[in-house]
Amino acid sequence: MSSRELIFQLVLHFLVFIFFSFDRYHPQIAAYQVTYFLTYAVAAAFINYWMLPLFFYRKKYLQFFLSFFLTLGAVIVLEELLWEPIYFPGQRASTFPGVFFSLVQILPVISILVGFKFAWDALGKQREVDELRNTVQESELQFLKSQINPHFLFNNLNNLYAYAIENSPKTPAIILELSSVLRYMLYECREKFVPLSKEIAQLENFTQLNELQIEERGEVRFRTRGNTSGFQIAPLIMIVFIENAFKHSQASQSEDIFIDIEVGVSEQGRLDFYCKNNYHPTSNTASLSQGIGLENVKKRLDLIYPDAHRLDITETEDLYTVHLSIALNQNQQV
């Protein structure tokens, strides 16, 4: 028994005893009331700390109720044969209705003590379930996040290799941008939430990193609006859509690439993220819309923002649009 439960039980027993012994016509505590209540308390403790764990919590309901009524019977026998002759010699049988009176007196007290113990155990089990659920959720989030990082690294190392083979003068710039993004992913994204301003800065770095691959083959826009300070967001969510936009466009066409990215925050703290990219309708890009990164980010959104986000993905003949809306909490903590 924990110290908190011990204190709870002491307070509960004191209050029940006050109600049990209170008599407005005789405002005093008699010796027989203390003895009777101690008997009930011992019986309740026997039920709470032996019968409940042994029978009830193991779903052995028949054994529990049989033991429960046997315990009540033992208390009645003890009261009728031992306490009554001591405290009411020659009186009780003629004044009170005997066994039936004892049952009416015993049952409410023991039921209250057992009922509160059951409620205490139920609340403790619920806390354990909540903690386990949170642990499982955190493990799943970490697993999903760990899948995103290698996914991003694999794609960009391939691009870096291609530039290195060609001895491109842009290779150092790509390495610098890649280093900055990886540092953010590996060291600054360990928390559940990160400052929104940092996340947006890394989105811009990531966009510039991928823009180097397009060169003169198209146009890339990155815009922000609103005040992003004071808000936090789960990391590595929007970056997946930007990565897909670059892959989507480049895989389907070699020129006239168009990618438009906008991140805005309203005064009420609602984030609106838009990412648009064009693509050639005759190309085989269907698999890009079902990548591991996109599926992971959908799961993360469901886990972190279950009732506070909306994700709309629309696809026309030559335009792929993502709109993500998230209700952010100011200074949100883990």
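Looking across the stretch 38-58, the residues that are in a helix (DSSP H, G or I) and touching a Ser or Thr at 6+ places or on another chain (Cβ under 7 Å) come down to Ala43, Phe46, Ile47, Met51. Scanning the stretch 212-235 for residues that are closer than 25 Å to Gln250 by Cα and either in contact with a Gly (Cβ under 9 Å, 6 or more places away or on another chain) or not assigned by TED's automatic domain parsing to the domain that holds Val181 (or both) yields Arg223, Thr224.
Scanning the stretch 170-212 for residues that are modelled with pLDDT of 85 or more and of a type in the set (Lys, Arg) yields one hit, Lys198. Does the stretch 22-31 contain at least one residue that is at pLDDT below 90, within 23 Å of Thr71 (Cα to Cα) and touching a helix residue (DSSP H, G or I) at 6+ places or on another chain (Cβ under 6 Å)? No, the stretch 22-31 contains no residue that is at pLDDT below 90, within 23 Å of Thr71 (Cα to Cα) and touching a helix residue (DSSP H, G or I) at 6+ places or on another chain (Cβ under 6 Å).
If you go through the stretch 172-203 and pick out every residue that is within 18 Å of Lys276 (Cα to Cα) and either surrounded by fewer than 16 Cβ atoms within 10 Å (Cβ to Cβ) or outside the structural domain of Val265 (by TED's automatic domain parsing) (or both), you end up with 0.
The values are calculated or read from the model by the stated rules, or taken from the named source; none is laboratory data. On a predicted model such as this, the values are computed, not experimentally measured, just so you know. Here the Cβ is made from the backbone with ideal geometry for all residues, glycine too, and neighbour counts use every protein chain on show.
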